[in-house]
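First the structure, in the form of structure tokens, and then the observations on it.
The values are calculated or read from the model by the stated rules, or taken from the named source; none is laboratory data. In this text the structure is predicted, and so the values were computed from the model without any measurement. So basically every Cβ, Gly included, is an ideal-geometry build from the backbone, and we count neighbours across all protein chains shown. We work out accessible area using only protein heavy atoms, side chains counted, and drop any ligands, DNA or RNA first. Shrake-Rupley method; radii C 1.70, N 1.55, O 1.52, S 1.80 Å.
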Amino acid sequence: MKENHDFSTLEIGVVGLGLMGTSILVSLLVSGHKVTGIAPLPADMDGAIDRIKSQLEHAGEAGLLREPLNHYLQRLHLSKNYKDLKHCSLVQECVTEIISIKTEVYKKINQHTSPTTVIATNTSAIPISELQKNVKYPSKFIGIHWAEPAYMTRFLEVTKGDLTDEKTAEWVLSLSYSWRKEPTYLKKDIRGFVTNRMLYAVYREMFAILESGEASMDDIDKAFRYDAGSWITYMGLFKRMDQLGLPDFKEIYDNLFKELNNSSTVPPTMQKIVLQKGKGINNGKGFYNYTKKEAAEWEEAFKSFNHEIFQLAAQYPELNQ
């Protein structure tokens with residue numbers, strides 16, 4: 001049951017001003033919050049305000065802004081000083097996936113916030129129960145995992161650690177609905193959480209098919225795009241099975257599961273690209289190669305697509321409650 005609360009008076013902090021951090025920050029601004037963004041390192045401030053303005057403009061183009069752009073910028077405070085988090089009810093950590101670095105960030109947050117302040121991590125890989133060992137008030141620590149661009153997707157993954165208080169989780173879930181999200185709640189902390197565990201199972205099978213020579217990279221991409229891509233925004237996987245018929249799935253499982261890949265090592269294709277310093281569209285070298293123009297066009301098209309899919313998903317809410 002979704003309860004309607006007015007959370008707009010809450011001030012929220014975001015620590016980490018990279019692409020994901022500023023995207024989360026913009027989502028919170030658009031939701032009506034005052035937001036304090038903290039740069040853990042001086043270099044993190046470079047380009048942050050320009051990126052935030054660009055993301056707000058994109059949100060405006062998507063019809064998500066209820067006020068002029070300057071209204072949101074006036075409710076934003078960027079700083080290098082953790083003391084500026086003192087009035088925040090929630091602080092979202094969004095720094096590199098290294099436990100020692102996150103631990104130092106949590107210490108600084110705890111030094112300058114209230115015992116009632118909830119600290120959240122955007123990690124997609126490190127167990128919440130592991131990270132909350134390094135905070136002063138573990139009952140107030142939780143995982144809030146966003147998808148990029150944060151202000152344009154309805155995805156949010158809320159993960160409770162072993163020591164997270166249930167009331168903390170309930171508060172975050174209520175808050176997330178005010179952000180126009182449809183949160184997934186993981187009550188027990190498992191490595192990879194929900195989304196990554198499912199996706200990485202797909203990635204493993206994808207590489208197995210590619211490296212066996214059974215299909216090309218392009219054909220694998222097309223198969224996933226035009227099959228799953230045609231229905232996955234409308235319904236989840238369990239509802240998809242209900243739609244197609246459960247007895248058929250049982251027969252397929254009996255025949256197919258034993259054939260699926262169960263490797264526990266990094267696929268050779270991935271290892272090769274990483275050794276060659278491939279970073280995808282960020283440097284033009286990945287599974288596919290990109291010119292600077294192609295990379296820019298890809299990013300711009302993805303922005304437009306996110307706008308359209310955000311609106312499309314909103315047209316079918318009641319059937320998927």
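Any chance the range 84-101 includes a residue that's among the charged types (D, E, K, R), in a loop (DSSP other than H, G, I, E, B) and at pLDDT 95 or above? Yes: the range 84-101 contains one or more residues that are among the charged types (D, E, K, R), in a loop (DSSP other than H, G, I, E, B) and at pLDDT 95 or above. Of the residues examined, A208 is not one that is open to solvent by less than 90 Å² (accessible area, probe 1.4 Å), in contact with a helix residue (DSSP H, G or I) (Cβ under 9 Å, 6 or more places away or on another chain), aliphatic (A, V, I, L, M) and on the phi < 0 side of the Ramachandran plot.
Okay, residues lined up against (1) more than 28 Å from G60 (Cα to Cα); (2) open to solvent by less than 90 Å² (accessible area, probe 1.4 Å):
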site	(1), (2)
D221	yes, yes
L246	yes, no
I252	yes, yes
G284	yes, yes
E294	no, yes
L312	no, yes
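Looking at the range 52-69, which of its residues are modelled with pLDDT under 90 and acidic (D, E)? The answer is E61, and nothing else. Determine if the range 185-197 includes at least one residue that is farther than 25 Å from T9 by Cα and free of Cβ contacts under 8 Å to residues at least 24 places away in the same chain. Yes, there is a match, as at least one residue in the range 185-197 is farther than 25 Å from T9 by Cα and free of Cβ contacts under 8 Å to residues at least 24 places away in the same chain.
Here's the yes/no breakdown for (1) assigned to a helix (DSSP H, G or I); (2) hydrophobic (A, V, I, L, M, F, W, C); (3) closer than 30 Å to F7 by Cα:
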{"residue": "T153", "(1), (2), (3)": "no, no, yes"}
{"residue": "Y177", "(1), (2), (3)": "yes, no, yes"}
{"residue": "L199", "(1), (2), (3)": "yes, yes, no"}
{"residue": "R204", "(1), (2), (3)": "yes, no, no"}
{"residue": "A223", "(1), (2), (3)": "yes, yes, no"}
{"residue": "D248", "(1), (2), (3)": "yes, no, no"}
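Yes/no matrix, rows are residues, columns are (1) modelled with pLDDT under 90; (2) over 17 Å from D218 (Cβ atoms); (3) charged (D, E, K, R):
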residue	(1), (2), (3)
F257	no, yes, no
V266	no, yes, no
K272	no, yes, yes
N283	no, yes, no
Y288	no, no, no
W298	yes, no, no
E308	yes, yes, yes
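Please go through the range 95-113 and pick out each residue that is of a type outside the set (S, T, Y) and open to solvent by less than 20 Å² (accessible area, probe 1.4 Å). Listed by number, the residues that qualify are K102, V105, I109. The residues of the range 1-47 that are among the polar types (S, T, N, Q) and modelled with pLDDT of 90 or more, listed by number, are T22, S23, S27, S31, T36. Examine the range 124-137 for a residue that is under 30 Å from H307 (Cβ atoms) and in a strand (DSSP E or B), and state whether such a residue exists. No: the range 124-137 contains no residue that is under 30 Å from H307 (Cβ atoms) and in a strand (DSSP E or B). Scanning for something farther than 18 Å from L29 by Cα and at pLDDT below 95, does the range 109-124 turn up at least one residue? There is at least one residue in the range 109-124 that is farther than 18 Å from L29 by Cα and at pLDDT below 95.
Per-residue answers, yes or no, for (1) within 20 Å of W231 (Cβ to Cβ); (2) touching a residue at least 60 places away in the same chain (Cβ under 8 Å); (3) open to solvent by 100 Å² or more (accessible area, probe 1.4 Å); (4) over 26 Å from the mean Cα position of the chain (by Cα):
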site: V266; (1), (2), (3), (4): no, no, no, no
site: K272; (1), (2), (3), (4): no, no, yes, yes
site: F305; (1), (2), (3), (4): yes, no, yes, no
site: E308; (1), (2), (3), (4): yes, no, yes, no
